[in-house]
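A quick write-up on the structure given underneath.
The values are calculated or read from the model by the stated rules, or taken from the named source; none is laboratory data. Model, not experiment: these values are computed from the prediction. All Cβ positions, even for glycine, are placed from backbone atoms using ideal geometry, and neighbour counts span all protein chains on display. Note: accessible area is taken over every heavy atom of the protein model, side chains too, but ligands, DNA and RNA are not part of it. Shrake-Rupley method; radii C 1.70, N 1.55, O 1.52, S 1.80 Å.
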Amino acid sequence: MSPYDTILRDHVALVARAADFAARRHADQRRKGAAREPYVNHLAEVAALLADTVDAPNAWLVAAGWLHDTIEDTGTTHDELTGLFGSVVADLVAEVTDDKSLPKAERKRLQVERAPHKSPDAKAIKIADKISNLRSLVASPPDDWDRTRLLDYVTWAESVVAGCRGTNTALESIFDQSADAARRVV
């Protein structure tokens, strides 16, 4: 096996292990929408968006896309991710993790405020996450969300993404299309 083949194998294995870990940690979670789709579908969509839009293959970014909600939503620790996936992936996941001890309104405000200061890879994850969330709202809005709440989410997502622009034009274009579609449907 050539050195290139070894590196490629290691990168593919990293992404596969991240997908498996994320699926297991989020196994009992469902999206908020009326369809209650498995949460892992969101993680897969975020990872696929990242894989499809990067200029050069980036296994660490795609792995972090799979894992982006594990610290926030499953009790997984940064140290655990470091041990399993390395510091690059763990640090990236930590960078996009909200502090769940804060009230929701404060977490949302901080996402907008901090977005411009994120690393390019963290910005890409944020954009991909918002694309997936908007698509989900269009396909299967939560039963208890009225039109105003849906539009407020779109506006807030646009504010977060505004601070992430300039790092991945393909993702930004997909986000713009998704936001436009959400506004038309809502």
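Observations on the model:
- In the range 19-35, residue farthest from Ser119 (Cα to Cα) [restricted to those that are free of Cβ contacts under 8 Å to residues at least 40 places away in the same chain and open to solvent by 50 Å² or more (accessible area, probe 1.4 Å)]: Asp28
- Ile127 being surrounded by 15 or more Cβ atoms within 10 Å (Cβ to Cβ), over 18 Å from Arg107 (Cα atoms) and touching a residue at least 24 places away in the same chain (Cβ under 8 Å): no
- Candidate set: the range 53-81, residues that are open to solvent by 50 Å² or more (accessible area, probe 1.4 Å), without any contact (Cβ under 8 Å) to a residue 24 or more places away in the chain and not in a loop (DSSP other than H, G, I, E, B); chosen: the one nearest to Arg25 (Cα to Cα): Glu80
- Total residues in the range 82-93, condition small (Gly, Ala, Ser), in a helix (DSSP H, G or I) and either more than 16 Å from the chain's Cα centre (by Cα) or within 12 Å of Arg17 (Cβ to Cβ) (or both): 2
- Counted residues, the range 167-185 - those being closer than 28 Å to Val54 by Cβ and either in contact with a Cys (Cβ under 9 Å, 6 or more places away or on another chain) or in contact (Cβ under 8 Å) with a residue 24 or more places away in the chain (or both): 12
- Leading residue by the ranking (farthest from Ala34 (Cα to Cα)) among those in the range 173-182 that are open to solvent by 20 Å² or more (accessible area, probe 1.4 Å) and in contact with a helix residue (DSSP H, G or I) (Cβ under 8 Å, 6 or more places away or on another chain): Ile174
- Among the candidates Ala34, Ala19, Ala27, Ala48, the residue that is in contact with a helix residue (DSSP H, G or I) (Cβ under 6 Å, 6 or more places away or on another chain) and under 30 Å from Arg109 (Cα atoms) is uniquely Ala19.
- Flag if Ala27 is of a type in the set (Gly, Ala, Ser), modelled with pLDDT of 95 or more, within 30 Å of Asp143 (Cβ to Cβ) and touching a strand residue (DSSP E or B) at 6+ places or on another chain (Cβ under 9 Å): yes
- Close Cβ contacts (under 8 Å, 6 or more residues apart or on different chains) running from residues in the range 105-121 that are within 19 Å of Ala64 (Cα to Cα) to residues that are open to solvent by 40 Å² or more (accessible area, probe 1.4 Å) and at pLDDT below 95 comprise Pro120/Thr167.
- Filtering the range 141-163 to residues that are among the charged types (D, E, K, R), without any contact (Cβ under 8 Å) to a residue 12 or more places away in the chain and either part of a loop (DSSP other than H, G, I, E, B) or open to solvent by less than 90 Å² (accessible area, probe 1.4 Å) (or both) leaves Asp144, Asp146.
- Yes/no for Leu137 being open to solvent by 50 Å² or more (accessible area, probe 1.4 Å), in contact (Cβ under 8 Å) with a residue 12 or more places away in the chain, assigned to a helix (DSSP H, G or I) and under 20 Å from Ala44 (Cα atoms): no
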